[in-house]
Amino acid sequence: MTNASTSQANHTPIKVGLVGYGWWGKTIAKQIATSQWLQLCAVAEIDAQARKAMQNDPALANLTVYDAPEKLMAHKALDAVILCTPHQQHAQQMMLAAQAGLHVFCEKPLCLTLDDAQKAIAQFKARELVLGIGHERRF
C-alpha cells in the first residue's frame with residue numbers, strides 16, 4: 001500500500017450540510033454520495049412541498065431534514081455547509097454559517113454586491129474558515 005492510498009484509507013470524511021434541495025442541490029447530493037471525502041449529514045429546504053417529496057428520496061435516507069438554514073447550521077456534527085440556494089440568500093446564509101463556525105462552499109454567484117462579498121470574506125478570514133465558490137462545468 002502506498003502512502004497516498006494509506007492516507008486516503010485513514011481519513012475522516014468532512015461532515016456537510018446541504019442548504020437547498022432543488023435541481024442543483026439534488027445534483028450535489030448525488031455527487032457527495034459517491035465521495036470518500038464528504039459525508040452528507042443534513043439538508044435544509046424551506047419549501048414544504050419539496051420537503052414532503054424528499055421523504056421518498058433514497059439519497060436522503062437516515063438524514064436530518066430541516067425547514068430552515070438556521071436550524072441546519074445549529075446541527076452540531078457539521079464541519080461545513082454547501083449553499084445551493086437562490087443568489088439573493090447567499091450573503092445572509094454565509095454570515096450565519098461563519099457565525100456557526102462552519103466552512104462554506106457556495107454556488108455562484110458568491111453575492112449580488114461587492115459590499116456583501118467583502119463582508120462575507122472578512123467574516124471567514126476573521127474566523128479562519130474556508131469559503132469556496134463553485135462554478136461547475138461538469139460533475
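The values are calculated or read from the model by the stated rules, or taken from the named source; none is laboratory data. The shown structure was predicted, so the numbers you read here are calculated from the model rather than taken from an experiment. All Cβ positions, glycine included, derive from the backbone under ideal geometry; neighbour counts span all protein chains shown. Quick note on the areas: whole protein, heavy atoms, side chains included, nothing else; ligands and nucleic acids left out. Shrake-Rupley method; radii C 1.70, N 1.55, O 1.52, S 1.80 Å.
Observations on the model:
- Surface analysis of segment 31-139 yields an accessible area of 61 Å² per residue, using protein heavy atoms and a 1.4 Å probe.
- Stretching the chain fully between I133 and A48 yields a gain of 27.8 nm (0.36 nm per residue, less the alpha carbon separation).
- Set against the labelled values (1) 9.4; (2) 11.9; (3) 7.7, mean projected area of the Cα convex hull in nm² computed from this structure falls on (1).
- Note on the chain: with charges restricted to the Cβ of Lys and Arg (+1) and Asp and Glu (-1), its dipole about the Cα centre is near 220 debye.
- For segment 93-139, the share of alpha carbon pairs falling in successive 5 Å distance bins from zero is 5, 23, 32, 22, 10, 6, 1 percent.
- Partner lysines for K76 [C-alpha distance under 24 Å; skip if fewer than 8 residues away on the same chain]: K15, K26, K30, K125
- Cα→Cβ-extended label distance, 7 Å offset, between K125 and T34, nm: 3.7 nm
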